[in-house]
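Undergrad: Shown below is the structure under consideration.
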Amino acid sequence: MVETRQVSPNHYVFSERVNPRFCFVMGLAAGRERAALVDAGMGIDRSLPRAVAAVTDRPVTLLVTHCDSDHIGGASQFRDVYLSPEEREEDIAVACNPGLRLRFLAAHGFDPEMVKRAEASIVREPLTVYGQVRDGDRFDLGGRELLAISLPGHSMGSMVYLDPEARIAFAGDAITKSPLVAFGRCPPLSVYLEALLRFRDIAGDGVRLYCGHSVTALPEDTLPDLIQGCREILSGKCGGDREEVLPLGFFDLKDVPVWLHRHGGVTIRYNRERLSPSCPAGNQR
Ligand SMILES: [Zn+2]
């Protein structure tokens, strides 16, 4: 079920595919002593540890970018797991709930036969034991390290993991072509913009970014487009944006209204009522 793709001599991406257009992607950096796996996917079946063992025989540390079910669902298959303390504890149990994950798959066009099979194979154990990772933490893998960079936006505790030497980063849902910064748990959009600028300052230009939903690296313009797009929204150049509803009924949650702002190759999905801390009602436009 899990597919493996080598993207550098020491880096891999693994994917669980839901349908031809939608997959869950994890990254791996391999050092001399250890390997770091970034995210654990939905845990539709139990093949991820095998896929990881096929590319490295070193002990594996799992770094979860944020606690949505398609990133943390398979996490309990690993022993050495880290999460940001900014992620909400109550979200972890919901994200790991196997019944809700099966409904998520069905709602996203997973073949009904496959949903049936997933009922038997899905990772069911909740993640209960994990360590805390904070901004600036470095994971020494032996001749290679991963740096944790906090990037609040999609969630408060979202982390991006950068290999500074290889110039490769695994970004989860914090940096994508269509970031979702519209949930109640998300900070105002101005905080996301600050976090993107800070990431660019730390990582520098030309980092290859792998996000949680594509096995190929993001186009080079993604980060500059996101920064420019956020600036446009915050300066009121968003009159042509349209509103959409994000259905979350399969998670027993209320549907979330999102505004769509396009710039270059990205679409920022944001909450017009939460642009900045000083201006929560969004009357900046
Ligand atoms: Zn997410």
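Since every read-out is calculated from the coordinates, none of them should be taken as a lab result. None of these values were measured; they are calculated from a predicted model. All Cβ positions, glycine included, derive from the backbone under ideal geometry; neighbour counts span all protein chains shown.
Undergrad: Taking 1 over the mean of 1/r across every pair of different Cα atoms in the chain, what Kirkwood radius in Å do you get? All intermediate terms of the calculation are to be shown ahead of the outcome.
TA: Numbers: mean 1/r = 0.0525 Å⁻¹.
The answer is 19.1 Å.
Undergrad: Hey, can you grab everything whose amide H is under 5 Å from the amide H of residue 38? Only 5+ residues off in sequence or another chain; H modelled, so Pro and N-termini drop out.
TA: Long-range HN contacts for residue 38: 27, 28, 29, 63.
Undergrad: Ignoring everything except DSSP H segments at least 4 long, calculate the 222 nm mean residue ellipticity for the chain; use -39,500 (n - 2.57) per segment, divide by total residues, nearest 500.
TA: Working: 7 runs with 66 residues, N = 285.
Result for the chain: -6500 deg cm²/dmol, rounded to the nearest 500.
Undergrad: Another question about this same structure. Would you work out the Kirkwood radius for the range 76-157? I mean one over the mean of 1/r across all pairs of different Cα atoms, in Å.
TA: Evaluated over the range 76-157, this radius sits at 15.1 Å.
Undergrad: I would also like to ask the following. Can you give the net charge of the other residues whose Cβ lies under 14 Å from the Cβ of residue 13, counting K and R as +1 and D and E as -1? Write down the numbers at each step before the final one.
TA: On the way: positive: 5, 17, 208; negative: 3, 16, 39, 163.
Around residue 13, the charge tally is -1.
Undergrad: Still on this structure, please answer the following. Using all C-alpha to C-alpha distances in the range 128-184, build P(r) with 10 Å bins and read off the rounded percent in each one.
TA: Over the range 128-184, the share of Cα pairs per 10 Å bin runs 23, 45, 27, 5, 0 percent.
Undergrad: Check residue 267: other-chain or 5+ apart residues with amide H under 5 Å from its amide H, H built from backbone geometry?
TA: Excluding prolines and chain starts, which carry no amide H, the hits are 178.
Undergrad: In Å and whole numbers, how far do the C-alpha atoms of the range 131-285 stretch along each principal axis, longest first?
TA: 49, 34, 31
Undergrad: Something else now. Gap in Å between the Cα centre of the range 229-259 and the Cα centre of the range 39-65?
TA: 33
Undergrad: Checking the a/c ratio against 1.5 first, then a/b against b/c, what shape does the Cα gyration tensor give for the range 201-285?
TA: Numbers: a/c = 2.06, a/b = 1.25, b/c = 1.65.
Cα axes put the range 201-285 in the oblate bin.
Undergrad: For residue 231 and residue 251, what does the FRET efficiency come to when R0 = 41 Å and r is the distance between their Cβ atoms, rounded to the nearest 0.05?
TA: Details: r = 32 Å, r/R0 = 0.78.
Rounded to the nearest 0.05, the efficiency is 0.80.
Undergrad: Treat each spin label as a single point 7 Å out from the Cα along the C-beta direction, and report the residue 262 to residue 216 distance in nm.
TA: That separation, rounded to one decimal, is 1.9 nm.
Undergrad: Name the shape class, rounded, prolate or oblate, that the alpha-carbon gyration tensor gives for the range 212-256, where a ≥ b ≥ c are the square roots of its eigenvalues, rounded holds for a/c under 1.5, and otherwise prolate holds if a/b is larger than b/c and oblate otherwise.
TA: Values: a/c = 3.35, a/b = 1.22, b/c = 2.75.
Since a/c reaches 1.5 but b/c is at least a/b, the shape of the range 212-256 is classed as oblate.
Undergrad: Quick one: dipole size for the chain, taken about the Cα centre, charges +1 on Lys/Arg Cβ and -1 on Asp/Glu Cβ, in debye to the nearest 20. Before the final figure, lay out the partial values.
TA: On the way: 33 positive and 38 negative charges, 63 e Å.
Result for the chain is approximately 300 debye, rounded to the nearest 20.
Undergrad: Please pull out the direction-averaged projected area of the range 171-221, using the convex hull of its alpha-carbon atoms, in nm² to one decimal place.
TA: 3.7
Undergrad: Let me ask you something else. Just to be sure I understand: of the beta bridges DSSP finds with both ends in the range 3-218, what percent are antiparallel, rounded to 5? Don't skip to the end; give the middle numbers.
TA: Working: 27 of 39 bridges.
For the range 3-218, the DSSP antiparallel bridge percentage is about 70.
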